[in-house]
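Visitor: The structure that follows is given in the form of structure tokens.
The values are calculated or read from the model by the stated rules, or taken from the named source; none is laboratory data. From a predicted model like this one, the values you see are computed outputs, not experimental measurements. A quick note on method: Cβ atoms are made from the backbone with ideal geometry, for glycine too, and the neighbour counts reach across all protein chains shown.
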Amino acid sequence: MKTLTMSALKSMLLLVAVLLFSQCDTAEPEAENEEELITTLEMTFTPVNGGDEVVFSVYDEDGDGPMAPVYTNGTLAANTAYTASIEVRNDVENENITLEVIEEANEHQFFFQISNGLNIEFGYNDADTDGYPIGLSTTFTTGAASTGSLVVILRHEADKLAEGVENGDPTNAGGETDIQATFDVVIE
């Protein structure tokens with residue numbers, strides 16, 4: 001009888017110890033690099049040979065939430081070279097996310113997808129410390145009058161060594177999309 005009681009007592013103590021230790025650390029670990037809310041992407045086209053700037057922007061107050069984004073599109077001149085600069089922000093919390101993209105340039109890249117009808121080409125003007133493109137500064141050259149879409153994608157942790165990525169093709173880039181915007185572009 002004494003053996004049974006000691007055995008039962010040991011089992012109870014073991015059960016209590018397991019319960020106590022399992023309750024010790026219930027805090028969830030912090031995310032390493034929590035993605036920030038990007039509400040605004042603004043792309044400013046400045047004619048290389050002078051002229052008025054053209055601004056394309058998208059504002060989405062809740063990021064990927066249910067509220068629809070608000071777009072401002074523009075008209076570019078035909079047969080013109082532009083330097084395009086991009087700024088990304090969280091206007092809800094008054095944060096300039098562009099600074100983070102610059103600080104973590106090796107982990108970010110903008111991609112530009114042009115619909116078949118739009119007569120425009122682009123080339124990157126900036127590079128990270130490894131010599132791979134970022135896309136905060138880009139040259140766009142328009143051709144003859146046309147209309148179409150320009151999709152702008154910011155990827156975080158894209159594989160910049162993957163096929164086509166250095167030339168702006170996101171197909172093999174992987175990573176996570178921080179923001180994607182589709183602008184309606186008129187060239188006249």
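Visitor: Only residues that are among the hydrophobic types (A, V, I, L, M, F, W, C), crowded, with 18+ Cβ neighbours inside 10 Å and either outside any helix (DSSP H, G or I) or over 13 Å from the mean Cα position of the chain (by Cα) (or both): list them for the stretch 80-110, please.
Guide: Answer for the stretch 80-110, where residues must be among the hydrophobic types (A, V, I, L, M, F, W, C), crowded, with 18+ Cβ neighbours inside 10 Å and either outside any helix (DSSP H, G or I) or over 13 Å from the mean Cα position of the chain (by Cα) (or both): A84, I86, V88, I97, F110.
Visitor: Here's a follow-up. Would you call G164 farther than 28 Å from Y59 by Cβ and loosely packed, with under 13 Cβ neighbours inside 10 Å?
Guide: yes
Visitor: Further question: Quick check on this structure: which one of I97, I114, I134, I102 is of a type in the set (A, V, I, L, M), closer than 24 Å to G174 by Cα and touching a Lys or Arg at 6+ places or on another chain (Cβ under 7 Å)?
Guide: So the residue among I97, I114, I134, I102 that is of a type in the set (A, V, I, L, M), closer than 24 Å to G174 by Cα and touching a Lys or Arg at 6+ places or on another chain (Cβ under 7 Å) is I97.
Visitor: Looking at A127, A77, A144, which is the one that is among the small types (G, A, S), surrounded by fewer than 19 Cβ atoms within 10 Å (Cβ to Cβ), touching a residue at least 60 places away in the same chain (Cβ under 8 Å) and closer than 28 Å to G164 by Cα?
Guide: Being among the small types (G, A, S), surrounded by fewer than 19 Cβ atoms within 10 Å (Cβ to Cβ), touching a residue at least 60 places away in the same chain (Cβ under 8 Å) and closer than 28 Å to G164 by Cα holds for just one of A127, A77, A144, which is A144.
Visitor: So which residues in the stretch 61-90 are modelled with pLDDT of 95 or more and closer than 11 Å to T39 by Cβ, if there are any at all?
Guide: P69, V70, V88, R89, N90 - these are the residues of the stretch 61-90 that are modelled with pLDDT of 95 or more and closer than 11 Å to T39 by Cβ.
Visitor: Inside the stretch 118-138, can you point out the residues that are closer than 21 Å to I187 by Cα and either of a type in the set (D, E) or in contact with a Ser or Thr (Cβ under 6 Å, 6 or more places away or on another chain) (or both)?
Guide: L118, N119, I120, E121, F122, G123, Y124, S137
Visitor: Separate question: Go through the stretch 119-149 and give me each residue that's of a type in the set (F, W, Y) and farther than 23 Å from V58 by Cβ.
Guide: Step one: filter the stretch 119-149 for residues of a type in the set (F, W, Y), giving 122, 124, 132, 140.
Across the stretch 119-149, the qualifying residue is only Y132.
Visitor: Shifting gears a bit: Among the residues that make up the stretch 116-135, is at least one of them modelled with pLDDT under 95 and not charged (D, E, K, R)?
Guide: Yes, the conditions are met somewhere in the stretch 116-135.
Visitor: Is it the case that V54 is modelled with pLDDT of 50 or more, surrounded by 15 or more Cβ atoms within 10 Å (Cβ to Cβ) and farther than 16 Å from I179 by Cα?
Guide: Yes, satisfied.
Visitor: Under the condition of being crowded, with 16+ Cβ neighbours inside 10 Å and not in a strand (DSSP E or B), which residue from the stretch 31-50 is modelled with the lowest pLDDT?
Guide: L37
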